[in-house]
Amino acid sequence: MIAALYARLNIHTMQKPNLIFIVIVATGLLFVGCKKEKKETIVAEPTTCFEQRTASSGDIISGKYIIAYDPNVVRTRMMSVRSLAARAETVLGEHNIPSTKVQAVYGGEPGGFIATLSADEALQLQNDPSIGIVEPDRIISLSTCFTIAEPRLITWNVSRVGYGNGAGKTAWVIDTGIDFDHPDLNVDVTRSRSFINGQTSADDANGHGTHVAGIIGGKNNTVGVLGVAAGATVVSLRVLDEKGEGTMSSVIQALAHVSQEGKAGDVVNMSLGEDVSSAILNQQVQNTASRGIYIAIAAGNDHTDANKFSPANANGANIYTVSAIDSLDRFASFSNYGNDVVDYAAPGVAVLSTYSNGRYAYLSGTSMAAPHVAGLLLLRGSAIATSGHALNDPDGTADPIAHY
């Protein structure tokens, strides 16, 4: 996921493969006007390197809290930033807490604010009838493991799930940013935003987010790689810095931004996640999806139940959690699982895509699986087809492999 970070991606004991798998790319799909139509033999890079979370991932940020209003008491969907800020000041004032403690406000539903508080102040707010949830902010992080490579046009993974014309469609990528100048991507710089304190640029200084964006919408031209929804517009919502570190509060603010600025039929990709289950994060995912916006989420790379972690365990209409398979349809040894939250499997091992500074690279993780489904959601909405099932799924019920 980023490494997706899956921001939480944690790889335990891994068996390094001894073989390099050879995959013959053969597609029966018709992509009108497709310039990247060359069929080829793809020799995948050895899968010895996977996304892993850093030791600080999931750590509580002392004194920093995320506060969500009770949606039955406070209606935030149509409130302006100024109104949200005024509401936060009012709530804090009622408890004699200085308004200067507010660091940021966020809208959507449930909406709320981020503040620096003492434990006693946090408890006071939790007991306020207008407040639904108070949670400590946490670090999310990833350690991206990648191999720089030459582009290969139609790669095995895109051939496996299928592809189509994504022109005119929008994917919001909540990640490390996107390389604004990458020649193989259609990035909407104007709508892109950074939610990292002190860093205003949404350009990618890590590479993970650019990799995700290429899987979704790599251009249909004569260079590089082809995305699932080729030529789709990708919007960078940067929540992770150059080291792949960020905060849960930044992710919540990014979702609130999509909830307010996106439209039905848009897609959000979340190749990241927490080491815990967050009620506020899951609420924000569910309420954003309730607007008809599709959300693709990485299942996580801990080889355990995906239902332990947010946002992978967020369920609801228009929300799709994705596990990973390799080029032989085998369930990836690192991938999280569980049919209670996982909806589809998609390629996530030795995936070649765009990377920072105009480059291309191989990455592995459920962070790579989720954007395949994001691309399919752009093309088909909720009517995603399937083609086969993941082999050796550890939960005993094989995940269907997403397909165009």
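The values are calculated or read from the model by the stated rules, or taken from the named source; none is laboratory data. In this text, all values refer to a predicted model and were calculated from it rather than measured experimentally. Don't worry about glycine lacking a Cβ; one is built from the backbone with ideal geometry, like all the others, and counts go over all protein chains shown. These accessible areas exclude ligands, DNA and RNA; they are computed on the full protein's heavy atoms, side chains included. Shrake-Rupley method; radii C 1.70, N 1.55, O 1.52, S 1.80 Å.
Distance between the C-alpha centers of the stretch 69-134 and the stretch 242-279? Whole Å please.
So the separation of the two Cα centres works out to 19 Å.
Show which aspartates and glutamates lie in cross-link reach of residue 101 when reach means a straight Cα distance below 20 angstrom and same-chain residues fewer than eight apart are skipped.
89, 120, 121, 128, 135, 137
Please work out the Cα center distance from the stretch 304-318 to the stretch 325-404, rounded to the nearest Å.
When both Cα centres are located, 15 Å separates them.
I'd like the carbon and sulfur percentage of the solvent accessible area for the stretch 304-404, probe radius 1.4 Å, heavy atoms only, ligands and nucleic acids excluded. Could the numbers behind the result be given before it?
Details: 1210 of 2790 Å².
For the stretch 304-404, the apolar C and S fraction of the accessible surface comes to 43 percent.
Sorting check: for 117-126, 283-292, 195-204, which peptide has the highest mean count of neighbouring beta carbons within 10 Å, and how do the rest follow?
Descending mean neighbour count gives 283-292, 195-204, 117-126.
Percent of alpha carbon pairs in the stretch 116-244 separated by more than 18 Å?
Cα-Cα pairs in the stretch 116-244 separated by more than 18 Å: 60 percent.
Contact order normalised by length for the stretch 134-230, with contacts defined as Cα pairs under 8 Å and 6 or more residues apart; what percent is it?
Relative contact order, the stretch 134-230: 36 percent.
Highest mean first, how do 369-381, 182-194 rank when packing is the count of other Cβ atoms within 10 Å averaged over residues?
Details: 369-381: 28.8, 182-194: 18.2.
Most protected by this proxy first, the peptides run 369-381, 182-194.
So for the stretch 260-347: antiparallel DSSP bridges make up what percent, rounded to the nearest 5? Kindly include the intermediate steps, with their values, before the conclusion.
Details: 1 of 15 bridges.
Expressed as a percentage, antiparallel bridges in the stretch 260-347 total about 5.
Enumerate the amide H contacts of residue 300 below 5 Å, restricted to partners 5 or more residues apart or on another chain; note that Pro and chain-start residues carry no placed amide H.
Amide H to amide H, under 5 Å and 5 or more residues apart or across chains, residue 300 pairs with 336, 366.
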